[in-house]
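Colleague: One structure is given below, represented as structure tokens, and several questions about it will come after.
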């Protein structure tokens, strides 16, 4: 049988388990001081709170990226939007959702990051794959930071 699919956008999800409570892991993402220690290698400005606009800067991609916080529901979920090359949305942004699910009686957290809104084109796929790599690195860096206090990104990109 040959069913035609109408693919309107690309999205991906990456997940990892962190040996800390959802509250601790959520705070490591929402707090700009912590985020700057393991992910935004050029610094983060502003706490991730619903309705705010913050800035993330990366040493490997210099220049601050504006980030709009759509939703912040501690300690369960954060939703942000930022400009995305080849975005399928009218506003030119992609949407990133961080979900923090308690596991092992709340002693550990399953973190899932989903980014959506990429055009189903070669340019959109290239951009989505690049960001998928970035969010996978972010999860790795988050885990090592909150469990061991080590910044694995330091010197990684330059």
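Colleague: Can you tell me which residue within the stretch 84-108, out of those that are at pLDDT below 90 and in contact with a helix residue (DSSP H, G or I) (Cβ under 9 Å, 6 or more places away or on another chain), is farthest from residue 15 (Cα to Cα)?
Modeller: Going through the qualifying residues, I end up with 85.
Colleague: Condition check: surrounded by 16 or more Cβ atoms within 10 Å (Cβ to Cβ), in contact with a strand residue (DSSP E or B) (Cβ under 9 Å, 6 or more places away or on another chain) and farther than 19 Å from residue 128 by Cβ. Does residue 78 satisfy that?
Modeller: Here the answer is yes, as residue 78 does meet what is asked.
Colleague: Separate question: Under 8 Å by Cβ, and 6 or more places apart or on different chains, what pairs join a residue from the stretch 134-147 that is on the phi > 0 side of the Ramachandran plot and assigned to a helix (DSSP H, G or I) with one that is surrounded by 16 or more Cβ atoms within 10 Å (Cβ to Cβ) and at pLDDT below 95?
Modeller: none
Colleague: A further question on this structure: If we scan the stretch 103-125, do we find a residue that is assigned to a strand (DSSP E or B) and surrounded by fewer than 15 Cβ atoms within 10 Å (Cβ to Cβ)?
Modeller: Taking every residue of the stretch 103-125 in turn, at least one turns out to be assigned to a strand (DSSP E or B) and surrounded by fewer than 15 Cβ atoms within 10 Å (Cβ to Cβ).
Colleague: If you don't mind, another one. Looking only at the stretch 7-65, which residues are assigned to a loop (DSSP other than H, G, I, E, B) and either in contact (Cβ under 8 Å) with a residue 24 or more places away in the chain or buried (at least 18 other Cβ atoms within 10 Å of the Cβ) (or both)? Quick ask: steps written out before the conclusion?
Modeller: Kept after step one, since they are assigned to a loop (DSSP other than H, G, I, E, B), are these residues of the stretch 7-65: 7-9, 19-21, 31, 39-42, 46-52, 59-60.
Once the filter is applied, which keeps residues that are assigned to a loop (DSSP other than H, G, I, E, B) and either in contact (Cβ under 8 Å) with a residue 24 or more places away in the chain or buried (at least 18 other Cβ atoms within 10 Å of the Cβ) (or both), the stretch 7-65 yields 7, 8, 9, 19, 20, 21, 39, 40, 41, 48, 59, 60.
Colleague: Only one of (1) within 23 Å of residue 6 (Cα to Cα); (2) more than 14 Å from the chain's Cα centre (by Cα); (3) in contact (Cβ under 8 Å) with a residue 40 or more places away in the chain fails for residue 122. Which number is that?
Modeller: Of (1) within 23 Å of residue 6 (Cα to Cα); (2) more than 14 Å from the chain's Cα centre (by Cα); (3) in contact (Cβ under 8 Å) with a residue 40 or more places away in the chain, only one is false for residue 122: (3).
The values are calculated or read from the model by the stated rules, or taken from the named source; none is laboratory data. Quick caveat: nothing in here was measured; it's all calculated off a predicted structure. Positions of Cβ are backbone-derived with ideal geometry, glycine not excepted, and every protein chain shown enters the neighbour counts.
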